[in-house]
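Participant: Structure in structure tokens, see below.
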Amino acid sequence: MKKVEIRLTGVGGQGVVLSSVILGRAASVYDKINAVQTETYGSDMRGGDVCTEVIIAEERIIYPIINNPDILVALSQKAYDDNFNDLKAEGIIITDSDLVNVSSLKKGIIYYHGSFNKIAIEELKKKAVANMAMLGFFQEKTKIVSLDALEKAIADLVPSKTLDLNLKALQIGVNIGK
Amino acid sequence: MKNKKNIERKTDFIQGNIACAEGAIAAGCNFFAGYPITPASEIAHYMSRKMFEVEGTFIQTEDELAAIANIVGASWGGNKSMTATSGPGISLMLENIGLAVVTETPCVIVNVQRGGPSTGSPSVAFQGDMLQPKFGSHGEYQIIALAPSSPQEMFDFTVEAFNKAEKYRIPVFILADSLIGHMRERVDFPLDDEIILEERKKLKNYQGIHQKIFLDENVAPMPIFGEGLKANITGSTHKEDGFRNVSDPKIMDTAIKRLSNKILKHKEDIIAVEEKYLEDAEVAIFSYGLVYRAVLETVNIARNQGLKVGSFRPITIWPFPQEQVEELSKKVKTIIVCENNLGQIYPFVKAAANGNAKIIFLPPKILGALYKQEEILNKIKEVIS
């Protein structure tokens, strides 16, 4: 697998940072490849802009930050507007269909989207697991980490009483990605 | 004296700050005092739980002045002690850091650097406090400071910091920055028998009021509070027995020189550097900490393009690896210094090179933002052509 640079963006409270930690953990602890995760965020978390980055590679990762991502996950309009120009020429954009209006896509860019937020609210009655649906969708579309590793990393990082709900959301994400 | 401590083999994906705390615990740290500050707070937060698991002590002090005073006192009580803060906290600690040096107190001080001066930029990664450990407290003294570049090194170097603190009875600094502190990466924890710990030389029996407990260039044994050994300890100039004498210049001369020589005589044991592709290099890039990762990536790219360039990385910033840099300056034509500040270590490289090679400082385009590979690569090409 080539080195993949992923930037995940949104607003505080959407679980963007947790998603990136789960991805990094799945890759490095369970898929036994390498990952680096970094984050920047404003001083007020909830509602503030969140930007977090994960690099995943088989080789050792030396340079730890991303200038031009291969994949951009944008879960808010501002996150999309601020970041889509940085994407590599043949990059992938993943957005929440109901939260982000994608206009004027450059040629060569692959665009995927799903109603993660809506599904979490309507099917699972829990907005907080929208990020898990996004992760499932991400996994199905990109196959950068294995589903098994993702499930194990989620089990490590979410409160145990919410694990079933989180895994259900992940599976729904996988299904809409198919 | 060396002994081994049992820890379980595991792999984890954790922040540099957490790795640092884990390294401290693996090294036997059983006393943590600190005041939370971005970007170092995770260390105190984690230690507040972990210290109870190892039957140690955690104190959230009223401020940083108290934190450093606490760890100096705890060390004299026979504990392995640590504090963690950022630049503003170190500024407040400087007075008692001097006390720790002059009383030859083993302890570990972690500085997860942020933007400065003053309150600065809390979450911007900056290498702005590189001179502070060495020159921040007044007077003439030596110190040890290590600069990690990854969560794994936050673990490994913290173990090493405790070992050097114990061995040489001196405060040892970890100079990280906010990006390393907050970055998550895999950390492979060592197996039981892979971790070697140094323990301080202790004074076993009371040998009279003029017993020699300070100012030995090969490190004097340390009496421990509460073990029935009387001892004089002072921040003022003293002799080997700890008795104060502040009027005789000869005594001050001996005290300062021995205190310095205790470190300088053992530079070979203390100083660690990492060299890559220097055998046939015309140009070497000098960098440390997080910047080293940008440099190493660029040097790999440059080598693939056939450019004769190598990397020199001090792991130990203080004492400064003067001889190693001098040696380097005789092998290469040019040394490019990269650091995330306006050139703090650069003058030391220049002085060590002493005219043998051309020394160039390449400042980052934006302070606090990691060098882009092209920034460094363009400079290499400019120098070689």
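Participant: Filter the range B:168-206 down to the residues that are among the basic types (Lys, Arg) and within 13 Å of chain A (Cβ to nearest Cβ), then identify the one that is nearest to A:Ala57 (Cα to Cα). I'd like the intermediate steps shown before the answer.
Facilitator: Within the range B:168-206, the first condition is being among the basic types (Lys, Arg), and the residues that meet it are B:169, B:184, B:186, B:200-202, B:204.
Checking which are within 13 Å of chain A (Cβ to nearest Cβ) leaves us with B:184, B:186.
On the way: B:Arg184: 14, B:Arg186: 12 Å.
Residue satisfying both the conditions and the ranking: B:Arg186.
Participant: Here's something else I'd like to know. Checking the structure you have, find out if any residue of the range B:241-248 is surrounded by 15 or more Cβ atoms within 10 Å (Cβ to Cβ), within 27 Å of the chain's Cα centre (by Cα), among the acidic types (Asp, Glu) and not assigned by TED's automatic domain parsing to the domain that holds B:Asp156.
Facilitator: There is no residue in the range B:241-248 that is surrounded by 15 or more Cβ atoms within 10 Å (Cβ to Cβ), within 27 Å of the chain's Cα centre (by Cα), among the acidic types (Asp, Glu) and not assigned by TED's automatic domain parsing to the domain that holds B:Asp156.
Participant: If you scan the range B:77-86, which residues turn out to be open to solvent by 10 Å² or more (accessible area, probe 1.4 Å) and either of a type outside the set (Lys, Arg) or not assigned by TED's automatic domain parsing to the domain that holds B:Gln132 (or both)?
Facilitator: The answer is B:Gly77, B:Gly78, B:Asn79.
Participant: Out of everything in the range B:173-221 that is open to solvent by less than 70 Å² (accessible area, probe 1.4 Å) and basic (Lys, Arg), what residue ends up being farthest from B:Gly128 (Cα to Cα)?
Facilitator: Going through the range B:173-221, the residues open to solvent by less than 70 Å² (accessible area, probe 1.4 Å) turn out to be B:173-192, B:195, B:197-200, B:203, B:208, B:211, B:213-217, B:219-221.
Those still in the list that are basic (Lys, Arg) too: B:184, B:186, B:200.
On the way: B:Arg184: 22, B:Arg186: 27, B:Arg200: 32 Å.
The residue in question is B:Arg200.
Participant: Give the number of residues within the range A:157-170 that are open to solvent by 60 Å² or more (accessible area, probe 1.4 Å) and within 21 Å of A:Val29 (Cβ to Cβ). Reasoning before the result, please.
Facilitator: Going through the range A:157-170, the residues open to solvent by 60 Å² or more (accessible area, probe 1.4 Å) turn out to be A:157, A:159-161, A:164, A:168.
Those left that are additionally within 21 Å of A:Val29 (Cβ to Cβ): A:157, A:159-160.
Residues flagged as open to solvent by 60 Å² or more (accessible area, probe 1.4 Å) and within 21 Å of A:Val29 (Cβ to Cβ) within the range A:157-170 amount to 3.
Participant: Next up: Could we say that B:Gln132 is under 27 Å from B:Lys262 (Cα atoms) and open to solvent by 30 Å² or more (accessible area, probe 1.4 Å) here?
Facilitator: On the way: under 27 Å from B:Lys262 (Cα atoms): yes; open to solvent by 30 Å² or more (accessible area, probe 1.4 Å): yes.
Yes: the conditions hold for B:Gln132.
Participant: For the range B:341-368, which residues satisfy the criterion of being closer than 12 Å to B:Gln127 by Cβ and outside any helix (DSSP H, G or I)? Please lay out each step first, then the result.
Facilitator: Going through the range B:341-368, the residues closer than 12 Å to B:Gln127 by Cβ turn out to be B:341-346, B:363-364, B:367-368.
Hits for the range B:341-368 are B:Asn341, B:Leu342, B:Gly343, B:Gln344, B:Ile345, B:Pro363, B:Pro364, B:Leu367, B:Gly368.
Participant: Pairs only if they're at least six apart or on different chains, beta carbon under 8 angstrom, first in the range B:262-279 and in the same structural domain as B:Pro319 (by TED's automatic domain parsing) and assigned to a loop (DSSP other than H, G, I, E, B), second among the aromatic types (Phe, Trp, Tyr) and open to solvent by less than 40 Å² (accessible area, probe 1.4 Å); list them, first residue then second.
Facilitator: Every condition considered, the pairs that remain are B:Leu278/B:Phe312.
Participant: Still on this model: Pull up the range A:35-51, narrow it to residues that are modelled with pLDDT of 95 or more and over 18 Å from B:Val291 (Cβ atoms), then point me to the one that is nearest to the other protein chains (Cβ to nearest Cβ).
Facilitator: Here is the first cut: in the range A:35-51, the residues modelled with pLDDT of 95 or more are A:35-38.
Narrowing the set further to residues that are over 18 Å from B:Val291 (Cβ atoms) leaves A:35, A:37.
Working: A:Ala35: 7, A:Gln37: 4 Å.
Here the answer is A:Gln37.
Participant: Taking the stated definitions as given, is B:Glu185 over 25 Å from B:Lys134 (Cα atoms) and in contact with a strand residue (DSSP E or B) (Cβ under 6 Å, 6 or more places away or on another chain)?
Facilitator: Working: over 25 Å from B:Lys134 (Cα atoms): yes; in contact with a strand residue (DSSP E or B) (Cβ under 6 Å, 6 or more places away or on another chain): yes.
Considered against the rule, which asks whether it is over 25 Å from B:Lys134 (Cα atoms) and in contact with a strand residue (DSSP E or B) (Cβ under 6 Å, 6 or more places away or on another chain), B:Glu185 comes out as yes.
Participant: Can you tell me which residue within the range B:282-331, out of those that are in a loop (DSSP other than H, G, I, E, B) and open to solvent by less than 10 Å² (accessible area, probe 1.4 Å), is nearest to the other protein chains (Cβ to nearest Cβ)? Before you say what the answer is, go through the steps one by one.
Facilitator: In the first step, residues of the range B:282-331 are kept if they are in a loop (DSSP other than H, G, I, E, B); the result is B:282, B:287-288, B:305-308, B:315, B:319-321.
Imposing the further condition that a residue be open to solvent by less than 10 Å² (accessible area, probe 1.4 Å) reduces the set to B:287-288, B:319, B:321.
Working: B:Ser287: 12, B:Tyr288: 15, B:Pro319: 27, B:Pro321: 22 Å.
The qualifying residue nearest to the other protein chains (Cβ to nearest Cβ) is B:Ser287.
Participant: Hey, another quick one. Collect the residues in the range A:125-154 that are open to solvent by 50 Å² or more (accessible area, probe 1.4 Å) and either part of a helix (DSSP H, G or I) or more than 21 Å from A:Lys32 (Cα to Cα) (or both), keeping them in residue-number order.
Facilitator: The initial filter retains those residues of the range A:125-154 that are open to solvent by 50 Å² or more (accessible area, probe 1.4 Å), namely A:125-128, A:141, A:143, A:148, A:151-152.
The answer is A:Lys125, A:Lys126, A:Lys127, A:Ala128, A:Lys141, A:Asp148, A:Glu151, A:Lys152.
Participant: What single numbered condition from (1) away from chain B (no Cβ under 14 Å); (2) surrounded by 19 or more Cβ atoms within 10 Å (Cβ to Cβ) fails to hold for A:Asn101?
Facilitator: (2)
Participant: Filter the range B:350-385 for residues that are surrounded by fewer than 16 Cβ atoms within 10 Å (Cβ to Cβ), more than 14 Å from chain A (Cβ to nearest Cβ) and more than 12 Å from B:Ala302 (Cα to Cα) and give the result.
Facilitator: Within the range B:350-385, B:Ala351, B:Asn354, B:Gly355, B:Lys358, B:Glu382, B:Ser385 qualify.
Participant: Continuing with this model, one more query. What number of residues within the range A:96-125 satisfy the criterion of being of a type in the set (A, V, I, L, M, F, W, C) and closer than 17 Å to A:Ala79 by Cβ?
Facilitator: Residues of the range A:96-125 of a type in the set (A, V, I, L, M, F, W, C): A:99-100, A:102, A:105, A:109-110, A:116, A:119-121, A:124.
Still in the running and closer than 17 Å to A:Ala79 by Cβ: A:99-100, A:102, A:105, A:109, A:116.
Residues in the range A:96-125 being of a type in the set (A, V, I, L, M, F, W, C) and closer than 17 Å to A:Ala79 by Cβ: 6 in total.
Participant: Of all the residues that make up the range B:249-260, how many are touching a residue at least 40 places away in the same chain (Cβ under 8 Å) and surrounded by fewer than 15 Cβ atoms within 10 Å (Cβ to Cβ)?
Facilitator: Applying the first criterion (touching a residue at least 40 places away in the same chain (Cβ under 8 Å)) to the range B:249-260 yields B:255-256, B:258-260.
Going one step further and asking which of them are surrounded by fewer than 15 Cβ atoms within 10 Å (Cβ to Cβ), we end up with none.
Result for the range B:249-260: 0.
Participant: State the number of residues belonging to the range B:136-148 that are surrounded by 24 or more Cβ atoms within 10 Å (Cβ to Cβ) and out of contact with any Ser or Thr (no Cβ under 9 Å at 6 or more places or on another chain).
Facilitator: Residues in the range B:136-148 being surrounded by 24 or more Cβ atoms within 10 Å (Cβ to Cβ) and out of contact with any Ser or Thr (no Cβ under 9 Å at 6 or more places or on another chain): 0 in total.
Participant: Looking only at the range B:222-240, which residues are charged (D, E, K, R) and either open to solvent by less than 60 Å² (accessible area, probe 1.4 Å) or assigned by TED's automatic domain parsing to the domain that holds B:Ala27 (or both)? It would help to see each step written out before you state the result.
Facilitator: Narrowing the range B:222-240 to residues charged (D, E, K, R): B:227, B:230, B:239-240.
Listed by number, the list holds a single entry, B:Glu240.
Participant: If you scan the range B:78-99, which residues turn out to be within 13 Å of B:Asp63 (Cβ to Cβ) and under 15 Å from the mean Cα position of the chain (by Cα)? Before you say what the answer is, go through the steps one by one.
Facilitator: First pass over the range B:78-99, keeping only residues within 13 Å of B:Asp63 (Cβ to Cβ): B:83, B:85, B:88-93, B:95-96.
Residues satisfying the conditions are B:Thr83, B:Thr85, B:Ile90.
Participant: Checking the structure you have, find out if any residue of the range B:129-143 is acidic (Asp, Glu) and in a loop (DSSP other than H, G, I, E, B). Give the derivation first.
Facilitator: Initially, the range B:129-143 is screened for residues acidic (Asp, Glu), giving B:129, B:140.
Of the ones still in play, those that are also in a loop (DSSP other than H, G, I, E, B) are B:129, B:140.
Scanning the range B:129-143, I find at least one residue that is acidic (Asp, Glu) and in a loop (DSSP other than H, G, I, E, B), so the answer is yes.
The values are calculated or read from the model by the stated rules, or taken from the named source; none is laboratory data. Just so it is clear, the model here is predicted, and its values are computed rather than measured. All Cβ positions, even for glycine, are placed from backbone atoms using ideal geometry, and neighbour counts span all protein chains on display. Keep in mind that these areas ignore ligands, DNA and RNA; they rest on the heavy atoms of the full protein, side chains included. Shrake-Rupley method; radii C 1.70, N 1.55, O 1.52, S 1.80 Å.
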